[in-house]
1. What full-extension length gain, to one decimal in nm, is calculated for B:R15 and B:E115 as 0.36 nm per residue of separation minus the Cα-Cα distance?
2. If one takes the accessible area of chain A alone plus chain B alone and subtracts that of the pair, with a 1.4 Å probe, what total in Å², rounded to the nearest 100, results?
3. Other chains near A:13-25: what is the mean number of their Cβ atoms within 10 Å of each residue's Cβ?
4. In nm, one decimal, shortest first: how far is the label point of A:A113 (7 Å from Cα along Cα to beta carbon) from the matching points in the other copies?
5. With a cut-off of at most 12 other beta carbons within 10 Å, and DSSP calling the residue loop, which GluC sites (Glu not before Pro) in the stretch A:23-110 qualify? Please list them.
6. Could you list which residues have their amide H under 5 Å from that of A:C80, counting only those 5 or more apart in sequence or on another chain, with H placed in the peptide plane?
2 protein chains.
Amino acid sequence: METATANPKTAEETRLNRAFAALSDPLRRRLVARLAQGDATVNELAEPFAVTLQAVSKHLKVLEEAGLITRSRDAQRRPCHLDAAALGRLTAWLDGYRQLVEERYERLDALLASEEHHHDHDQDHPGQR
Amino acid sequence: METATANPKTAEETRLNRAFAALSDPLRRRLVARLAQGDATVNELAEPFAVTLQAVSKHLKVLEEAGLITRSRDAQRRPCHLDAAALGRLTAWLDGYRQLVEERYERLDALLASEEHHHDHDQDHPGQR
DNA sequence: GTTTTATTCAACCAAATCGTTGATAAACAG
DNA sequence: CTGTTTATCAACGATTTGGTTGAATAAAAC
């Protein structure tokens, strides 16, 4: 599969860099959570938080440059819209690696089970280890 | 910075904070990618990169404190193991919000379709972008 | 014992990050 | 035009981050 190996700088990796970096800030993640409920302007987004409007404006710029949100225009307002596809790219990255780990785990399980020829207990996946 | 006093900040949120922050660094994500292929020691992990062993050691500490990896012991070595469940928690967070956005989008689509009484121009929906 | 291997700790430094205040721009309302 | 709302830009300071080198620890090998 794709799974960017040791490539120096693909555009895709740059995009992931920006997106994960954007989500590393708790306030930005709360903005994302808020935007999941519906589009909102900068003022609306800033209102619940104990920071200045300028700080929120900066955070939104980061989210926008990371491709996580898009912005339109309504008079003086600039409503923000959360981009579902961008979130999907992040889950795809994470889930690809998660699946690799689980596959390896299952193969190890199978190996252990096959080598245990004097027992035969069911080796079902145990949810959380 | 968020107020520590007025905000209870659940343990779950703290865990997400650490995990997303851990993944915000490109080198740490490459370590994760490497560990998805199989467990590895600090030396093995550091070898492909142009940074010192100590730098990688620090990064691994961050990943460990974020719960993304666990570590065992084999003589002087401390092999790292990628935690699939931790990756799963991140995808769950992202995907929850992604689904909210898509549901809202679909409802808006349906509303627009039902209100179209004098036109019938096709409202194309952009599947993947 | 001494030395080698594997990893971490400690101190330090440059650069990035996050927040602030103050000024500016753009679109409206009067 | 004057003033208000909405949002951004610019400069600054405090803190965090990611890297380095050098010393320290722990287990193994000699």
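The values are calculated or read from the model by the stated rules, or taken from the named source; none is laboratory data. Just so it is clear, the model here is predicted, and its values are computed rather than measured. Positions of Cβ are backbone-derived with ideal geometry, glycine not excepted, and every protein chain shown enters the neighbour counts. These accessible areas exclude ligands, DNA and RNA; they are computed on the full protein's heavy atoms, side chains included. Shrake-Rupley method; radii C 1.70, N 1.55, O 1.52, S 1.80 Å.
1. On the way: separation 100, 0.36 × 100 = 36.00 nm, distance 4.46 nm.
Between B:R15 and B:E115, full extension yields 31.5 nm more.
2. Numbers: alone 9670 and 9830 Å², together 16160 Å².
Buried area (both sides, nearest 100 Å²): 3300 Å².
3. On the way: counts 3, 1, 0, 3, 4, 1, 3, 10, 6, 2, 9, 9, 5.
Counting other chains' Cβ atoms within 10 Å and averaging over A:13-25 gives 4.
4. 4.4
5. Numbers: sites: A:E44, A:E64, A:E65, A:E102, A:E103, A:E106; in loops: none.
Answer by residue number: there is no such site.
6. Those lying under 5 Å, H to H, from A:C80 are A:A40, A:T41.
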